[in-house]
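Scroll down for the structure; my scribbles are underneath it.
The values are calculated or read from the model by the stated rules, or taken from the named source; none is laboratory data. These figures come from a predicted structure and were not determined experimentally. Glycine gets a Cβ as well: all are built from the backbone with ideal geometry, and neighbour counts include every protein chain shown. These area figures cover heavy atoms from the full protein model, side chains too; ligands, DNA and RNA do not enter into them. Shrake-Rupley method; radii C 1.70, N 1.55, O 1.52, S 1.80 Å.
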Amino acid sequence: MIFRARTVVTMDGPPIDDGAVAVAEGRIMEVGGYGEVRASAGGEITDLGEVVLLPGLINAHCHLDFTALRGAIAPQKSFADWIRKINAKRRELTEEDFLGSIAAGFTEAQRWGTTTIANIESLPQLLRRLPRSPLRTWWFLELIDVRTDATAEELVATAMTLGKHAERLGLSPHAPYTASPRLTQLAAAQGVPLTMHLAESRDEMEMFRDGQGHLFDLLQSLGRPMDDCGKG
């Protein structure tokens with residue numbers, strides 16, 4: 001089958017006006033100008049009209065759990081204040097709310113051409129209840145060892161057990177300020193993809209560089225050891 005479009009965008013060259021993509025048995029066989037592809041490939045033609053045909057988009061960092069919280073939090077003065085707000089909001093949600101949020105996120109992603117998602121999953125127990133993903137999805141199970149009695153070994157072991165329900169599994173030590181070096185080291189040793197929030201706010205930089213600031217105060221109040229902060 002040949003798909004014709006006003007413009008075809010590839011990953012290795014300029015856009016192709018009046019372009020076409022030839023597909024056979026679910027695989028792309030040829031990409032180029034419509035006349036060229038039609039002459040060499042043959043097959044049924046589907047003219048998509050005045051559209052741009054391009055490779056599926058990849059969302060390399062997503063929180064499907066929180067689709068339902070869009071617009072629920074006003075801009076805050078600091079990153080630490082935003083953390084407090086989102087944690088308060090998420091405590092209001094049930095498992096059913098989170099499942100609905102994930103489904104809504106998938107629907108929106110599909111609508112705008114996303115075909116692959118790397119999702120940071122903060123409630124890995126939901127994996128048991130999720131239907132098969134409509135998109136190519138990696139489930140990065142979030143790991144945090146601030147305010148927990150569980151050891152790093154226990155947290156990783158639990159994540160790997162729950163991860164058996166994931167179609168594609170990864171681990172996400174949340175951030176340097178919420179995941180200890182030991183937790184990150186153990187996660188990296190599991191042989192699955194890894195992702196982490198890193199240097200995502202001025203508060204974080206101020207915490208580690210200067211040993212002060214809103215995030216420093218918040219995490220110190222939670223009992224986090226702060227001896228890795230304030231060393232320039």
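Please work out if Asp81 is touching a residue at least 60 places away in the same chain (Cβ under 8 Å), farther than 25 Å from Arg6 by Cβ and among the acidic types (Asp, Glu).
Yes: the conditions hold for Asp81.
Return a yes/no flag: does segment 50-72 have any residue that is within 30 Å of Val23 (Cα to Cα) and among the acidic types (Asp, Glu).
yes
Could you tell me which of the residues Arg91, Arg136 is at pLDDT 95 or above, farther than 10 Å from Asp65 by Cα and among the basic types (Lys, Arg)?
Arg136
Just one of Leu186, Leu99, Leu143, Leu194 is touching an Asp or Glu at 6+ places or on another chain (Cβ under 9 Å) and of a type outside the set (D, E, K, R); which is it?
The unique qualifying residue is Leu186.
Pull up segment 135-158, narrow it to residues that are part of a loop (DSSP other than H, G, I, E, B) and of a type in the set (Ser, Thr, Tyr), then point me to the one that is farthest from Leu218 (Cα to Cα).
It comes out as Thr151.
Could you run through segment 175-184 and say how many residues are closer than 23 Å to Cys62 by Cα, open to solvent by 20 Å² or more (accessible area, probe 1.4 Å) and assigned to a helix (DSSP H, G or I)?
Adding up the residues that qualify gives 1.
Suppose we keep only residues that are in a loop (DSSP other than H, G, I, E, B) and at negative phi within segment 201-217. Which one would you say is surrounded by the most Cβ atoms within 10 Å (Cβ to Cβ)?
Ser201
Can you give me the number of residues within segment 109-124 that are assigned to a strand (DSSP E or B) and under 27 Å from Ile144 (Cβ atoms)?
Summing the residues that are assigned to a strand (DSSP E or B) and under 27 Å from Ile144 (Cβ atoms) in segment 109-124 gives 7.
Would you mind listing the strands (runs of 3 or more DSSP E) fully within segment 1-86 where at least 1 residues are over 23 Å from the mean Cα position of the chain (by Cα) and of a type outside the set (Phe, Trp, Tyr)?
Correct list: 2-8, 16-24, 27-33, 45-47.
Output the number of residues of segment 185-200 satisfying the condition of being more than 18 Å from the chain's Cα centre (by Cα) and either closer than 18 Å to Thr148 by Cβ or open to solvent by less than 20 Å² (accessible area, probe 1.4 Å) (or both).
Selection size over segment 185-200: 2.
Please name all residue pairs, on different chains or six or more residues apart, with Cβ atoms under 6 Å, provided the first residue is in segment 141-153 and is in contact (Cβ under 8 Å) with a residue 24 or more places away in the chain and the second residue is in a strand (DSSP E or B) and hydrophobic (A, V, I, L, M, F, W, C).
Qualifying pairs under 6 Å: Leu141/Leu171; Glu142/Ile120.
Just to be sure I understand the filter: pairs with C-beta atoms under 6 Å, separated by 6 or more residues or on different chains, first member in segment 33-58 and more than 16 Å from Gly113 (Cβ to Cβ) and small (Gly, Ala, Ser), second member open to solvent by 60 Å² or more (accessible area, probe 1.4 Å) and in a loop (DSSP other than H, G, I, E, B). Which pairs pass?
Gly43/Met1
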